[in-house]
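Down below is the structure, laid out as structure tokens.
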Amino acid sequence: MKAAIVGCGTIAPVHAKSLQRIEGCEIAGFADIKQERAREFADRYGGRAYDSLEEMILCEKPDVLHICTPHYLHVPMAVYGLSHGVNVFMEKPPAISFGQYEQLKSAVATSEQRLGFCFQNRYNASTQMVKRLLESGKAGRVKGARGLVTWSRKEEYYTQSNWRGKLSTEGGGALINQSVHTLDLLCYFLGRPLWVDAGMANHHLKGIVEVEDTMEAYIRFHNASASFYATTAYCDDVPPMIEIVCEHMTIRIEEPCVTYSYKDGRVERPEVSLVKPAGKSYWGSGHEGCIADFYRRLLDGTEFGAELPGVEDTLKLMLAVYESARNKEAVSLES
């Protein structure tokens, strides 16, 4: 299979390294508006350099396009790829508005190609272990959960970029950029969200960015509720924490560790397979597994769990969290 990557920024090396490990996959090209960056990537990973997505697709005719560009470009580029006969694998977020979400749905419905998303934390060994445990019924009914993300993003993170920190191009801050994967895991474990009540603030970069550095939300699922908190005003980047309270035990994930706390006071820490992360450690270790699985599904024609139907709950919840926080009222997701 021929792959091409558009956007040669921070996350692109993770995709390129993962593609190099897929048997039979060729990286045909890199595209970036700064062609020197595309040349640097082509020299490092192979393929040819382009300064436009359109020229790269025309010349290379890739089987899969990897979108690693700023948020506001994800949907337009995905629509372009799908409409030109190319399968698309997109970095988060899937969309930055409900309008873009509708564009994606229309593009998928009218294309024979497939669209997958990089929700890599679903592929962490710790996540898979807990998912199997919950599905087995051994933990009992899920009563509630919480997700916590405390990272650090200082002024230079935004000022060194021409798109971060702006609502029109980033779409948000601590939620859409840093903690949407934790929100996704809450949906992955608890199911379809029903409604959300949220609040947001900018505590440490007032006057510098337009987006939030802190987001909190109370989320109601069918049989449980979840509390969610994310901030980029912390002093360090530490692994996100997810805790799930069940009838028979409380489960805590702090990648790569899993802890089971039983009602009788026993504590168990099962051995988790350690995989070296392709990127920063606190991003999780699932990128390679997620990307490889998408390619396997393309070849055998089976369902990939992070196609649009499989991430719609997360996407709609993320957008509803912003709507609730902006309007200061709960938002229903039932329709």
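The values are calculated or read from the model by the stated rules, or taken from the named source; none is laboratory data. Source: prediction; values computed, not measured. Cβ atoms come from the backbone with ideal geometry, glycine included; neighbour counts cover every protein chain shown. Please note that ligands, DNA and RNA were not included when accessible areas were found on the heavy atoms of the full protein model with its side chains. Shrake-Rupley method; radii C 1.70, N 1.55, O 1.52, S 1.80 Å.
Of the residues G144, G116, which is in contact (Cβ under 8 Å) with a residue 60 or more places away in the chain and crowded, with 18+ Cβ neighbours inside 10 Å?
Going through G144, G116 in turn, just one is in contact (Cβ under 8 Å) with a residue 60 or more places away in the chain and crowded, with 18+ Cβ neighbours inside 10 Å: G116.
Pick out the one residue from T159, T150 that is closer than 26 Å to I33 by Cα and β-branched (V, I, T). Before you say what the answer is, go through the steps one by one.
Values: T150 fails: closer than 26 Å to I33 by Cα.
It is T159.
For G81, are the conditions met, namely being under 26 Å from W163 (Cα atoms) and either out of contact with any Ser or Thr (no Cβ under 6 Å at 6 or more places or on another chain) or part of a loop (DSSP other than H, G, I, E, B) (or both)?
Yes.
For S152, indicate whether it is under 25 Å from F98 (Cα atoms) and in contact (Cβ under 8 Å) with a residue 40 or more places away in the chain.
No: the conditions fail for S152.
I'm told E288 meets every condition in (1) under 23 Å from E26 (Cβ atoms); (2) open to solvent by 60 Å² or more (accessible area, probe 1.4 Å); (3) more than 15 Å from the chain's Cα centre (by Cα) except one. Can you identify the failing condition by its number?
(3)
Filter the range 237-256 for residues that are assigned to a strand (DSSP E or B) and in contact with a helix residue (DSSP H, G or I) (Cβ under 7 Å, 6 or more places away or on another chain); which is farthest from A174 (Cα to Cα)? Walk me through it before giving the result.
Residues of the range 237-256 assigned to a strand (DSSP E or B): 241-246, 249-254.
Filter again for in contact with a helix residue (DSSP H, G or I) (Cβ under 7 Å, 6 or more places away or on another chain), leaving 242, 244, 251, 253.
Working: I242: 17, I244: 22, I251: 25, I253: 20 Å.
Across the range 237-256, the extreme among qualifying residues is I251.
For the range 106-130, name all the residues that are over 18 Å from the mean Cα position of the chain (by Cα) and not polar (S, T, N, Q).
Within the range 106-130, A107, V108, A109, E112, M129, V130 qualify.
For the range 95-113, enumerate the residues that are touching a Lys or Arg at 6+ places or on another chain (Cβ under 8 Å) and outside any helix (DSSP H, G or I).
Within the range 95-113, no residue meets the criteria.
Across the range 188-216, what is the number of residues that are among the small types (G, A, S) and either within 23 Å of G140 (Cβ to Cβ) or under 18 Å from the mean Cα position of the chain (by Cα) (or both)?
Within the range 188-216, residues that are among the small types (G, A, S) and either within 23 Å of G140 (Cβ to Cβ) or under 18 Å from the mean Cα position of the chain (by Cα) (or both) number 1.
Looking at (1) touching a Leu at 6+ places or on another chain (Cβ under 6 Å); (2) surrounded by fewer than 21 Cβ atoms within 10 Å (Cβ to Cβ), find the lone condition where H84 falls short.
That leaves (1) as the condition not met.
Yes or no, residue by residue, for (1) surrounded by 22 or more Cβ atoms within 10 Å (Cβ to Cβ); (2) in contact (Cβ under 8 Å) with a residue 60 or more places away in the chain; (3) in contact with a strand residue (DSSP E or B) (Cβ under 9 Å, 6 or more places away or on another chain):
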{"position": "L73", "(1), (2), (3)": "no, yes, yes"}
{"position": "P76", "(1), (2), (3)": "no, no, no"}
{"position": "F98", "(1), (2), (3)": "no, yes, no"}
{"position": "V108", "(1), (2), (3)": "no, yes, yes"}
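I'm trying to understand the selection: among the residues of the range 147-172, which are open to solvent by less than 10 Å² (accessible area, probe 1.4 Å) and under 17 Å from the mean Cα position of the chain (by Cα)?
Correct list: G147, V149, E170, G172.
State all residues of the range 235-253 that are touching a Gly at 6+ places or on another chain (Cβ under 6 Å) and under 18 Å from G191 (Cα atoms); if no residue qualifies, say none.
If the condition is that a residue be touching a Gly at 6+ places or on another chain (Cβ under 6 Å) and under 18 Å from G191 (Cα atoms), then I242, V245, C246, E247 are the ones that fit.
Just one of (1) among the β-branched types (V, I, T); (2) modelled with pLDDT of 95 or more; (3) open to solvent by 50 Å² or more (accessible area, probe 1.4 Å); (4) under 20 Å from S126 (Cα atoms) trips up V275, so point out which.
For V275, the failing item is (2).
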